[in-house]
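Each remark here refers to the structure printed beneath this line.
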Amino acid sequence: DAKTTQPNSMESNEEEPVHLPCNHSTISGTDYIHWYRQLPSQGPEYVIHGLTSNVNNRMASLAIAEDRKSSTLILHRATLRDAAVYYCILRLPQGGSEKLVFGKGTKLTVNP
Amino acid sequence: GAVVSQHPSRVICKSGTSVKIECRSLDFQATTMFWYRQFPKQSLMLMATSNEGSKATYEQGVEKDKFLINHASLTLSTLTVTSAHPEDSSFYICSAREGAITEAFFGQGTRLTVV
């Protein structure tokens, strides 16, 4: 299984942009890049996903390197509610029963 | 997004008893459900994958006779921790997916404490 590498922790100030990196040098051509986040004492929630092109949604943006060996989750204006552990996960293109395996993620601290 | 409801959110049980945790997809049909366990300050560990109407597939090292999973309908899966011990105390989280849609939706988790 292709693996991802993320920094253990990052800090940001409120209302500033945050760039969360993820390395996935062994990614295959069909793996989608997914991001989930987990707020304290809650289940994870979906943030965004992409394959090759950059993606934007109401929560965040996903910038994918041209060689797809790395990606960056961008929170344009961090709020205190964005403090969470962010997980970068590689998945096959279709649903079905393939597993969603979590790494250690990046713990984001947002300072007021 | 879709809603997955987990019940109870917290449970305390005595050592040696069994505990059942329910996971429901409220507004979609979950063809596949996943059960995770999370210890403090650690990541989620996948325990098993279940498809509606068939037996669950357990991850290596997870005892299927201890963690009974039932996925009898497209909206309900249950995890029963049998003969619970203090080391089973953990945060249990379910996840559900609808067919080929790639996003997975998670329950709010169940904090199990075995005393």
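The values are calculated or read from the model by the stated rules, or taken from the named source; none is laboratory data. None of these values were measured; they are calculated from a predicted model. So basically every Cβ, Gly included, is an ideal-geometry build from the backbone, and we count neighbours across all protein chains shown. Heavy atoms of the whole protein, side chains included, go into the accessibility calculation; ligands, DNA and RNA do not. Shrake-Rupley method; radii C 1.70, N 1.55, O 1.52, S 1.80 Å.
Listed values, structure above:
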quantity: Tabulated pairs, segment B:1-21, first over 13 Å from B:T80 (Cβ atoms) and of a type in the set (G, A, S), second open to solvent by less than 60 Å² (accessible area, probe 1.4 Å) and assigned to a strand (DSSP E or B), C-beta under 6 angstrom, 6+ apart or interchain; calculated: B:A2/B:F105; B:S15/B:V114
quantity: Where a residue in segment B:33-58 is within 16 Å of A:Q38 (Cα to Cα) and its partner, wherever it lies, is open to solvent by 10 Å² or more (accessible area, probe 1.4 Å) and charged (D, E, K, R), with Cβ under 6 Å and at least six apart; calculated: B:S43/A:K104; B:M45/B:R37; B:L46/A:K99; B:L46/B:E59
quantity: Selection count where residues are modelled with pLDDT under 95 and under 15 Å from A:V101 (Cα atoms), scope segment B:59-94; calculated: 2
quantity: Members of segment B:1-23 found to be at pLDDT below 95 and open to solvent by 60 Å² or more (accessible area, probe 1.4 Å), listed by number; calculated: B:G1, B:V3
quantity: Filtered residue count, segment A:74-86, keeping only those that are surrounded by fewer than 18 Cβ atoms within 10 Å (Cβ to Cβ) and within 11 Å of chain B (Cβ to nearest Cβ); calculated: 0
quantity: Qualifying positions in segment B:54-107 - farther than 19 Å from B:K20 by Cβ, part of a loop (DSSP other than H, G, I, E, B) and either within 13 Å of chain A (Cβ to nearest Cβ) or among the hydroxyl-bearing types (S, T, Y) (or both); calculated: B:S54, B:E59, B:Q60, B:E98, B:G99, B:A100, B:I101, B:T102, B:E103, B:A104
quantity: Candidates A:S71, A:S61, A:S41 - the one that is of a type in the set (G, A, S) and open to solvent by 40 Å² or more (accessible area, probe 1.4 Å); calculated: A:S41
quantity: Lone unmet requirement of (1) in contact with a helix residue (DSSP H, G or I) (Cβ under 8 Å, 6 or more places away or on another chain); (2) surrounded by fewer than 19 Cβ atoms within 10 Å (Cβ to Cβ) for B:E87; calculated: (1)
quantity: Counted residues, segment A:11-57 - those being farther than 14 Å from A:Y86 by Cβ, in contact with a strand residue (DSSP E or B) (Cβ under 7 Å, 6 or more places away or on another chain), modelled with pLDDT of 95 or more and acidic (D, E); calculated: 1
quantity: Any hit, segment A:32-42, residues being free of Cβ contacts under 8 Å to residues at least 24 places away in the same chain and more than 10 Å from every other protein chain (Cβ to nearest Cβ); calculated: no
